[in-house]
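First up is the structure itself, then whatever we jot down about it.
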Amino acid sequence: MTIKLYNTDGRSVQEFIPINPNEVGIYTCGPTVYNFAHIGNLRTFVFEDILKKVLEANGFAVKHVMNITDVGHLVSDGDDGEDKMEAGARREGKTVWEIAQGYTDAFMLDLQHLNIAQPGIWCKATEHIQEQIDMVKAMEVKGVTYQLEDGIYCDTSKIKDYGRIANLDIEGMQAGARVEMIAGKRNFTDFALWKFSPKNEQRLMEWDSPWGVGFPGWHIECSAMSMKYLGEQFDIHCGGIDHVSIHHTNEIAQSEVVTGKKWVNYWLHSEFLVLDKGKMSKSGGGFITVQTLIDKGYNPLAYRYFLLNAHYRTQLTFTFEALDGAAQGYKKLKARTQALLSIEAEETVRTQEAINKFLNFCNNDLNMPRALASLWDVLKNPEITDGEKHTVVKFCDKILALNLLQEAEVLTLDQQVEDLILKRKEARENKNWQEADKIRDQLSSMGIILVDTADGVTWSKA
Ligand code: AMP
Ligand code: ZN
């Protein structure tokens with residue numbers, strides 16, 4: 001079956017032709033682990049997961065690499081300001097390494113909650129410093145770097161086709177931006193490859209390099225690590241739409257100047273999830289996480305279902321009312337599909353047709369809303385037997401990953417209360433009074449009264 005994908009590099013829907021006939025190499029920009037991932041970040045990771053599952057459903061082996069940014073991403077997203085990791089460490093009174101580990105663990109749990117498959121290869125920026133230094137050295141040999149007081153920079157005027165993926169109006173930007181430029185920068189679009197540690201100050205994360213002690217610029221990690229694991233040319237690179245004009249533009253510049261070849265064949269970007277009050281941002285605080293949804297009683301898969309009802313290239317506004325609607329839809333879908341569990345799956349010409357139809361929508365630039373609608377059509381069609389429906393659902397759920405054929409975990413009220421009491425006990429033991437109070441409030445809203453006794457906590461129904 002033909003797969004069509006919208007390629008940001010070229011701005012058109014194109015037939016997907018992999019470099020190797022049976023294997024696809026994908027690199028996806030991973031999280032910056034200075035805080036929890038918010039549900040906007042996770043929209044991008046769900047989109048990438050769907051892409052991967054669609055390719056697998058088409059018979060491809062997918063080699064997926066994702067990085068963990070644990071150094072060098074500055075709060076400005078540019079070349080000045082504090083490192084997000086160091087800011088996180090200061091905020092929480094921990095070491096940068098503790099911050100990185102804690103939020104990496106939290107991210108893994110988010111992936112699990114949303115049924116996002118882990119990549120085959122994880123790579124951390126801090127574990128690939130030498131590869132990044134080697135890449136900057138290779139750029140130096142090509143004559144596209146220069147040194148300023150605070151670091152080594154790429155001279156973007158020497159890069160052929162710089163900014164092509166973003167259709168950047170370089171001259172316009174240059175004229176408008178003179179004032180904000182770091183002193184000595186030759187062009188507005190030049191970017192840091194290696195930053196020096198500030199004089200008379202030891203950074204929490206810093207390494208030796210041929211140019212002086214410091215740390216890598218944010219973009220270099222993705223070029224260096226993707227090429228290490230996927231080769232000098234690979235099939236697909238993904239990320240959120242915000243990465244097009246700076247991060248991915250600079251990744252392309254670095255990689256292509258070093259190899260002299262086209263680097264990535266297909267660039268896919270997901271549009272943003274926004275709040276009705278505006279942008280959801282990780283550094284701005286006040287963002288919604290998967291845990292927020294769980295605490296409010298939502299099944300995280302209802303959020304996955306919510307995302308699947310929008311095309312990845314349209315901006316999506318998040319509201320709890322909209323999530324309630326999706327949660328209802330998901331509940332109905334699950335009620336129908338679970339009823340098929342006890343019925344033996346039956347394969348017929350009709351099931352093949354329904355599966356092809358579903359997959360065709362997926363293959364058409366991941367049109368998941370249409371794919372989902374086609375699954376609903378099958379479920380509602382009285383002429384299709386339950387055995388046939390079982391076969392179709394089983395196939396579709398390999399991509400949707402909504403646990404459609406899994407027994408719902410029915411927790412009795414007793415089990416739920418006991419679980420929460422245990423969580424509260426742990427929170428109190430850890431002196432996490434805020435969390436303990438939150439759990440007490442949650443129990444109280446369920447009509448449960450807690451009584452602390454010498455033998456522990458007892459409870460009764462109000
Ligand atoms: P970060 O952890 O900030 O490096 O971002 C991780 C991923 O989330 C990147 O691919 C971003 O482009 C993406 N992203 C950031 N904010 C949003 C949002 N509101 N909606 C969708 N994707 C986002
Ligand atoms: Zn990246």
TODO: Just give me the residues in segment 416-436 being open to solvent by 90 Å² or more (accessible area, probe 1.4 Å) and not hydrophobic (A, V, I, L, M, F, W, C), in sequence order.
DONE: Glu418, Lys423, Lys425, Glu426, Arg428, Glu429, Asn430, Lys431, Gln434
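Can you name the residue in segment 445-457 that is open to solvent by less than 70 Å² (accessible area, probe 1.4 Å) and under 29 Å from Ala335 (Cα atoms) and, of all such residues, is modelled with the highest pLDDT?
So, considering only residues that are open to solvent by less than 70 Å² (accessible area, probe 1.4 Å) and under 29 Å from Ala335 (Cα atoms), the one modelled with the highest pLDDT is Ile448.
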TODO: Determine which single condition Gly88 fails, assuming it passes every other condition in (1) more than 16 Å from ligand 2 (Cβ to nearest atom); (2) in contact (Cβ under 8 Å) with a residue 60 or more places away in the chain.
DONE: (2)
Open item on the list: Whether any residue in segment 340-350 is hydrophobic (A, V, I, L, M, F, W, C), in a helix (DSSP H, G or I) and not assigned by TED's automatic domain parsing to the domain that holds Glu48 is what I want to check.
Closed with: yes
TODO: Could you pull out the residue among Asp110, Asp79, Asp83, Asp150 that is of a type in the set (D, E, K, R) and out of contact with any Lys or Arg (no Cβ under 8 Å at 6 or more places or on another chain)?
DONE: Asp110
Task: Considering residues of segment 149-168 that are open to solvent by 90 Å² or more (accessible area, probe 1.4 Å) and either out of contact with any Gly (no Cβ under 9 Å at 6 or more places or on another chain) or farther than 13 Å from Asn187 by Cα (or both) only, the residue modelled with the lowest pLDDT - done: Asn167
Open item on the list: For segment 1-56, give me every one of the strands (runs of 3 or more DSSP E) that falls completely inside it and has 2 or more residues that are buried (at least 18 other Cβ atoms within 10 Å of the Cβ).
Closed with: 4-7, 23-28
Task: Residue count, segment 57-84 (criterion: open to solvent by less than 10 Å² (accessible area, probe 1.4 Å) and assigned to a strand (DSSP E or B)) - done: 7
- [ ] Determine, yes or no, whether Ile170 is more than 21 Å from the chain's Cα centre (by Cα), closer than 30 Å to Leu268 by Cβ and either within 16 Å of ligand 2 (Cβ to nearest atom) or not acidic (Asp, Glu) (or both).
- [x] yes
Open item on the list: I'm trying to understand the selection: among the residues of segment 216-265, which are within 16 Å of ligand 1 (Cβ to nearest atom) and among the aromatic types (Phe, Trp, Tyr)?
Closed with: Trp218
Task: Odd one out for Lys195 among (1) open to solvent by less than 30 Å² (accessible area, probe 1.4 Å); (2) of a type in the set (Lys, Arg); (3) without any contact (Cβ under 8 Å) to a residue 12 or more places away in the chain - done: (3)
Open item on the list: Please go through segment 92-115 and give me each residue that is surrounded by 14 or more Cβ atoms within 10 Å (Cβ to Cβ), within 16 Å of Asn41 (Cα to Cα) and not aliphatic (A, V, I, L, M), ordered by number.
Closed with: Tyr103, Thr104, Phe107, Asp110, His113, Asn115
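Here is a yes/no grid of residues against (1) within 13 Å of ligand 1 (Cβ to nearest atom); (2) open to solvent by 20 Å² or more (accessible area, probe 1.4 Å); (3) assigned to a helix (DSSP H, G or I):
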site	(1), (2), (3)
Trp267	yes, no, no
Thr292	no, yes, yes
Tyr298	no, yes, no
Leu301	no, no, yes
Arg304	no, no, yes
Asp324	no, yes, yes
Ala327	no, yes, yes
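The values are calculated or read from the model by the stated rules, or taken from the named source; none is laboratory data. What you are looking at is a predicted structure, and each value in this text was computed from that prediction instead of being measured. Quick reminder, even Gly has a Cβ in these numbers, built from the backbone with ideal geometry, and neighbours come from all protein chains shown. Ligands, DNA and RNA are stripped out before the accessible areas are found, and what is left, the full protein with its side chains, is counted by its heavy atoms. Shrake-Rupley method; radii C 1.70, N 1.55, O 1.52, S 1.80 Å.
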